[in-house]
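Asker: One structure coming up, written as structure tokens, with questions to follow.
The values are calculated or read from the model by the stated rules, or taken from the named source; none is laboratory data. Predicted model, so just to flag it, every value in this text is computed and none were measured. All Cβ positions, glycine included, derive from the backbone under ideal geometry; neighbour counts span all protein chains shown.
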Amino acid sequence: MPQAKKIFIGSSREDSTQTKTLKKHLKLYERQGLIQIWDESMLPGGAELSLIIQELLAAEIILLLFSPDLLAEDFLYSEAMQDVLAKVKLKEIQLIPILVRPSGFSDTEFSAYAAVPQRDKPITNYTNEDEAWTIVVEQIKRSIQQNNNHSDPKPELTIIPQALIDEVNNFISSAHSDKALDAIIRWAHANNQSQLKSDAAVIKAALEKLKREEMLGKLSFSEATRESTKINHSVQNLLNTNSAGS
């Protein structure tokens, strides 16, 4: 049986009802083990950007619920989302825009991708919204099947050397997470580990953003320390996730 495909649902909090409806329509395929769904509501105690980025990066299929509220979200224009779009262009992952309410979707860079249920007819414009959701789910099913049928065989796992793990841990313990990420990116590039390299690049972008906000005084010392700790954990998790036996 194919491995469950990781699906990331991105939406605004104002569209939580539509997100719940989508998850109900996908529940059958989740029970069948075809997909594994993640959305912001699954974060305990509210959303943390670094954790959202981590889940976004891990997804194989990304569903974005477009509405005026989503278009107003900074997250949609973040560096992490630009990294995601680069992966979509390389056909490493799939992106499906879902038009839930009338918005300026056609004026965004996301309009380059086929939207459902129809480019000029969002879900709330349907007399029978279940009909619209059925169209949406059919497209998602096709993406899952395409992913299963055309995915390349997994490359042989390259075991991450203990020397790299020690180097990364030393950099982190001396408050040099940037150097730790650079070390991971260099090793991943040399060993043709494109996913690890991409993951590290996204976390590095989040770290650079944190440093800019700290320099501009947008974060208190405690806030900066808390976010820095989360990023350090994400860096260490990179090696744990990509090591042998994971």
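Asker: Taking the options Ala58, Ala80, Ala72, Ala86, name whichever one is buried (at least 20 other Cβ atoms within 10 Å of the Cβ) and at negative phi. Outline the logic, then answer.
Answerer: Working: Ala58 fails: buried (at least 20 other Cβ atoms within 10 Å of the Cβ); Ala72 fails: buried (at least 20 other Cβ atoms within 10 Å of the Cβ); Ala86 fails: buried (at least 20 other Cβ atoms within 10 Å of the Cβ).
Going through Ala58, Ala80, Ala72, Ala86 in turn, the sole match is Ala80.
Asker: Moving to a separate point now. Can you find even one residue in the range 72-81 that is aliphatic (A, V, I, L, M) and touching a Phe, Trp or Tyr at 6+ places or on another chain (Cβ under 6 Å)?
Answerer: No: the range 72-81 contains no residue that is aliphatic (A, V, I, L, M) and touching a Phe, Trp or Tyr at 6+ places or on another chain (Cβ under 6 Å).
Asker: Right, another one. Restricting attention to the range 52-99, and to residues there that are under 13 Å from Ile9 (Cα atoms) and in a loop (DSSP other than H, G, I, E, B), which single residue is nearest to the chain's Cα centre (by Cα)?
Answerer: Checked the range 52-99; the qualifying residue nearest to the chain's Cα centre (by Cα) is Ala59.
Asker: If we keep just the residues of the range 185-208 that are charged (D, E, K, R) and surrounded by fewer than 17 Cβ atoms within 10 Å (Cβ to Cβ), which is farthest from Pro161 (Cα to Cα)?
Answerer: Among them, the one singled out is Glu208.
Asker: Related question: Of the residues that sit in the range 217-234 and are hydrophobic (A, V, I, L, M, F, W, C) and in a helix (DSSP H, G or I), which one is nearest to Ile184 (Cα to Cα)?
Answerer: Taking the range 217-234 and keeping what is hydrophobic (A, V, I, L, M, F, W, C), we get 219, 221, 224, 231.
Those still in the list that are in a helix (DSSP H, G or I) too: 221, 224, 231.
On the way: Phe221: 27, Ala224: 23, Ile231: 14 Å.
Result: Ile231.
Asker: Answer yes or no: is there a residue in the range 90-104 that is among the aliphatic types (A, V, I, L, M), modelled with pLDDT under 90 and surrounded by 15 or more Cβ atoms within 10 Å (Cβ to Cβ).
Answerer: No.
Asker: Just one of the numbered conditions (1) at pLDDT below 90; (2) loosely packed, with under 12 Cβ neighbours inside 10 Å is not true of Val168; which one?
Answerer: Of everything listed in (1) at pLDDT below 90; (2) loosely packed, with under 12 Cβ neighbours inside 10 Å, Val168 misses just condition (2).
Asker: For the range 1-45, what are the residues that are assigned to a loop (DSSP other than H, G, I, E, B) and within 19 Å of Ile98 (Cα to Cα)?
Answerer: Those that are assigned to a loop (DSSP other than H, G, I, E, B) and within 19 Å of Ile98 (Cα to Cα): Ser11, Ser12.
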